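Below is one structure; the comments refer to it alone.
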Amino acid sequence: MGFLDIFYPKRCLVCGKPGAGSGSVGTIEYICLKCVDKVEFVGDDICTKCAKPECRCRKRNFYFDCAIAPFVYTGAISDSVVRLKEYSDFSTAQGFAHYMAVMLKKLVDTSEIDVIVPVPAHISRKSKKGYNQSEIIARYLSKLTGIPFDKKILKKIKPTMPQRNLNGEARRHNLTGSFAASEKAARGKNIILADDVITTGETLNCCAQELKRAGAGRIYCIAAVTTK
Ligand SMILES: [Zn+2]
Ligand SMILES: [Zn+2]
């Protein structure tokens with residue numbers, strides 16, 4: 001047994017205090033009432049092509065079929081991402097996965113999804129940190145939705161520089177040839193691709209391109225947060 005089997009008691013995604021959720025007074029699931037105004041939810045007007053509250057993709061053709069995220073990347077929620085990413089606070093992943101599952105149910109016909117796949121990290125990075133935060137999120141999302149989890153479908157075979165330090169063409173170039181999908185595992189599957197943060201969508205696009213090359217069906221991307 002490991003962290004995979006653990007469901008944490010509900011804690012506020014922002015302040016980390018326990019007690020958020022059913023049965024306690026003054027709370028909304030994983031965000032307490034004191035913090036709820038600090039958080040910006042992505043509303044129903046979301047562009048489901050690029051996951052932005054106001055479309056930034058101008059109907060660009062991505063390899064994925066859909067991209068969504070429940071939170072806007074603002075100060076309060078970006079701290080929660082850091083707690084998950086850098087400080088092994090996996091209860092945060094459980095909170096994020098809750099809101100992701102709610103959004104998925106609302107916007108996607110999940111009955112046609114075969115598998116949830118995390119955006120993979122390169123082995124060198126994973127062994128340094130001990131885990132891949134996208135995998136933790138994807139595992140909770142799988143538990144909450146009942147859709148099987150599979151990380152063997154897609155692997156990162158080449159280490160890359162952090163995308164945030166690059167722009168445009170350099171982002172694409174950085175990722176080229178860095179992912180490899182298993183044709184045997186991917187063929188014909190409708191896949192949810194899970195990540196922590198969507199910025200330009202370039203990483204997800206590169207993963208989706210490789211999965212489609214391997215014969216995957218529809219690809220639905222979901223992240224915990226999206227930049228505006
Ligand atoms: Zn709070
Ligand atoms: Zn858009």
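None of the figures in this text is laboratory data; all of them are computed from the coordinates on show. For clarity, every value in this text was computed on a predicted model and none was experimentally measured. Quick reminder, even Gly has a Cβ in these numbers, built from the backbone with ideal geometry, and neighbours come from all protein chains shown.
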- From the list A121, A180, which residue is surrounded by 13 or more Cβ atoms within 10 Å (Cβ to Cβ) and under 14 Å from the mean Cα position of the chain (by Cα)? A121
- Options V81, V42, V36; residue that is of a type outside the set (S, T, Y), away from ligand 1 (no atom under 16 Å from the Cβ) and at negative phi: V42
- Query: Within the set of pairs 6 or more residues apart or between chains, which connect a residue that is over 13 Å from K228 (Cα atoms) inside the range 41-60 to a residue that is assigned to a loop (DSSP other than H, G, I, E, B) and within 6 Å of ligand 2 (Cβ to nearest atom) with Cβ atoms less than 8 Å apart?
  - Reply: K49/C55; K49/C57; K59/K49; R60/K49; R60/C50
- Message: Checking the condition assigned to a helix (DSSP H, G or I) and within 15 Å of K156 (Cα to Cα), which residue from A180, A208, A194 passes?
- Response: A208
